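Notes follow once the structure below has been shown.
The values are calculated or read from the model by the stated rules, or taken from the named source; none is laboratory data. Fair warning: this is a prediction, and the values are worked out from it, not measured in the lab. A quick note on method: Cβ atoms are made from the backbone with ideal geometry, for glycine too, and the neighbour counts reach across all protein chains shown.
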């Protein structure tokens, strides 16, 4: 199991123009930081080894101009980390940098809100092209990516999940853990009637008729079965 690490921001850190790299492998994280420094002029680049640590950093800092994200992290499954980041900093472009570059994974990541996808083995010139295109408001896809991966059903599920609010997403997570409305209300310190209203809204957004179907949509969209187990 990879260790989780993060570099705590120093009090004097300049957050005027900064980028965030999220990867739980120290060597890859350092390499991505060096690559980003070589192809951009960001005044500061921070790193994090988990989604939880990254979200804590984002809560206490102005939004970064770019996030580089690995998919295989210790505290999330599949695209769950990407969707959490999109809900936290909706307008910040996220560039996926992963060793898993299957056509379906790339397509699903783009549908879930990523602004680009770069395989980890790519040369610096590819990173430069990706950052430049994203800065121009475009979506960057690898040169060998083929549109239409045959995962339209999963794409629909990802779009629906991406439409959930933070509170709705948290409630869906608790539903996936098997918790009842009363337990969810206790955990989130909200009224049970509020939970019921959120559950109704969740099922409407996901296009399902039951909590079980909602869980299946969430599990399918994460596609954790497609990802290798972390070292």
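Take region 30-51 and flag every residue that is surrounded by 17 or more Cβ atoms within 10 Å (Cβ to Cβ) and free of Cβ contacts under 8 Å to residues at least 24 places away in the same chain.
Listed by number, the list holds a single entry, 33.
Which members of region 154-189 meet the condition of being outside any helix (DSSP H, G or I), out of contact with any helix residue (DSSP H, G or I) (no Cβ under 8 Å at 6 or more places or on another chain) and either assigned by TED's automatic domain parsing to the domain that holds residue 82 or surrounded by 13 or more Cβ atoms within 10 Å (Cβ to Cβ) (or both)?
180
Taking region 50-71 on its own, how many of its residues are over 13 Å from the mean Cα position of the chain (by Cα) and part of a loop (DSSP other than H, G, I, E, B)?
Number of matching residues: 6.
Could you go through region 218-229 and let me know if any residue there is surrounded by fewer than 13 Cβ atoms within 10 Å (Cβ to Cβ), outside any helix (DSSP H, G or I), modelled with pLDDT under 90 and under 23 Å from the mean Cα position of the chain (by Cα).
Yes, there is a match, as at least one residue in region 218-229 is surrounded by fewer than 13 Cβ atoms within 10 Å (Cβ to Cβ), outside any helix (DSSP H, G or I), modelled with pLDDT under 90 and under 23 Å from the mean Cα position of the chain (by Cα).
Quick check, is residue 125 in a helix (DSSP H, G or I), free of Cβ contacts under 8 Å to residues at least 12 places away in the same chain and more than 15 Å from the chain's Cα centre (by Cα)?
Spelling it out, residue 125 is indeed in a helix (DSSP H, G or I), free of Cβ contacts under 8 Å to residues at least 12 places away in the same chain and more than 15 Å from the chain's Cα centre (by Cα).
Only one of these conditions is not met by residue 74: (1) touching a helix residue (DSSP H, G or I) at 6+ places or on another chain (Cβ under 7 Å); (2) touching a residue at least 60 places away in the same chain (Cβ under 8 Å); (3) not in a helix (DSSP H, G or I). Which number is it?
Among (1) touching a helix residue (DSSP H, G or I) at 6+ places or on another chain (Cβ under 7 Å); (2) touching a residue at least 60 places away in the same chain (Cβ under 8 Å); (3) not in a helix (DSSP H, G or I), residue 74 violates only (1).
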